[in-house]
1. Report the charge-dipole magnitude of the chain in Debye, nearest 20, computed about the Cα centre from +1 at each Lys and Arg Cβ and -1 at each Asp and Glu Cβ.
2. In the stretch 88-221, if the dipole is taken from +1 on Lys/Arg beta carbons and -1 on Asp/Glu beta carbons about the Cα centre, which of MET160, GLY121, TYR198 is farthest to the positive end?
3. Express in nm, to one decimal, how much length is gained between ALA38 and GLU5 on full extension, taking 0.36 nm for each residue of separation and deducting their alpha carbon distance.
4. Run the quick spin-label model on ARG105 and LYS150: label points 7 Å from Cα toward the beta carbon, then report their separation in nm to one decimal.
5. For LYS352, list the lysines whose Cα falls under 25 Å from its own Cα; do not include residues on the same chain fewer than 8 positions away.
6. If you split all Cα-Cα distances of the chain into 20 Å bins from zero, what percentages do you get per bin, shortest first?
7. Send over a whole-number figure in Å² for the accessible area per residue of the stretch 34-175, probe 1.4 Å.
8. Which ³J(HN,Hα) values in Hz, rounded to whole numbers, follow from the phi angles of the stretch 254-269 under the Karplus curve 6.51 cos²θ - 1.76 cosθ + 1.60, where θ = phi - 60° and Gly and Pro get x?
Amino acid sequence: MKIRENIPISELTTMRLGGNARYVIEVESPKDVAEAFAFAEEKNLPTFALGSGANTIGHDEGFNGVIILDRIKGMEVLDESEDGVFVRACGGEVWDDFVAFCCEREYSGIEAMSGIPGLVGSAPVQNIGAYGQDISQVIDHVEAYDTKTKEMVILGRDEMKMGYRTTIFNTGEDAGRYYITAITVELENREMLKPPFYTSLQAYLAEQQGATLPANHSELPEIEDREYTPSEIRQAVLAVRGSKLPDPAKEASAGSFFKNVYLTEAEAEAARAKGLKVYEKPGSVLKNAAGEPLNFMVNSGFLIQECGLSGKTLHGMRVNEKAALVLINDSAKGYEDLAKARAEIRQIVKEKYGYDLEQEPVEII
Ligand SMILES: Cc1cc2nc3c(=O)[nH]c(=O)nc-3n(C[C@H](O)[C@H](O)[C@H](O)COP(=O)(O)OP(=O)(O)OC[C@H]3O[C@@H](n4cnc5c(N)ncnc54)[C@H](O)[C@@H]3O)c2cc1C
């Protein structure tokens, strides 16, 4: 276990904002995790679990507490049968290395989540997802340190209450209670490997196969009707992501800055009447304050783009030209600039469409 003092949060997070953290501890085993929390308790300081900081934003005043960096390593195939395969990875592994590990063995179920920045331990926290897959579809259980009982526990899929960017790890009374040390996924859902795919993925595959793309971009182009391998899908996803999303090593961002807007059936009707494209999301666990299910979704990136904000820079924060949901920190002088840009984007979208955009990345406070 390595303890460092006064480390800039800007160096630990991909948005590259934030002053010093009082302590940063790198943990390499579940035993280290227990010791790191005991260290914080002894000093009477708050804690914050951190992976690679790709979904986390620091404040200028820093954090007078202990940041616990997940550096626990290991990946293994646990059990393979005709029905499926269980694969385990420790929290400190890079998520995309884990996807590559599974795709190399042609296990299917996470290939569409190739290229999502971050570590394995953070992946279940906001139920990461992309191109039609999310981790709730494959997760079997997580191993975690329970900061309340001070014991290692196993939490099964149902206990995690996973919805769109929400789980018990980030929402409700148990948010922040569990420190994830490993995850186990169950793979091999080969249905996911048959077309149709997400429009942009299918367009990429069609181009690779020499097909002419339809003039209407929202129409699905024809592709070979066969089962694709997880590796083929992985390569397509990496190519599509690389063409429109910023590389965190080169441009500072936290990925999607706002969540998509989830709606009730009545609100979905109203959105359609405004000419917006509404996606059905049956089985979403999200509910509004009145308890009504939110089974419909409008793409927030589309709303921002339609407000004419793509490519615009507000207070040093640039709205990504190709994926308007992503804010890039070109030259923000601090958190205040980010806050101003966020407020302006929210106001513009609210005035035009009436929706309140909710921030996706978490903040270290
Ligand atoms: C360019 C870019 C593209 C992105 N694209 C996508 C995408 O397609 N889909 C998607 O879902 N996300 C996407 N993201 C967001 C991000 O990649 C994910 O949220 C990812 O899971 C963050 O991993 P991390 O290790 O960096 O998490 P961090 O930012 O370090 O942490 C995220 C949250 O998890 C908690 N946490 C971290 N480690 C642990 C642990 N061991 N135990 C308990 N809690 C922990 C933190 O406290 C925090 O609340 C993107 C981000 C970027 C920068």
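1. Dipole about the Cα centre, nearest 20: 1320 debye.
2. MET160
3. Additional length available on full extension: 10.2 nm.
4. 3.7
5. LYS259, LYS274, LYS277, LYS281, LYS287, LYS312, LYS322, LYS340
6. 27, 60, 13, 0
7. It amounts to 41 Å² per residue over the stretch 34-175.
8. Those phi angles translate into 10, x, 4, 8, 10, 7, 5, 8, 9, 10, 7, 4, 5, 5, 5, 4 Hz.
The values are calculated or read from the model by the stated rules, or taken from the named source; none is laboratory data. Note that the structure is a prediction, hence the values are computed from the model and not measured. Don't worry about glycine lacking a Cβ; one is built from the backbone with ideal geometry, like all the others, and counts go over all protein chains shown. For the accessible areas, the whole protein counts, side chains as well, though only heavy atoms, and no ligand, DNA or RNA atoms are used. Shrake-Rupley method; radii C 1.70, N 1.55, O 1.52, S 1.80 Å.
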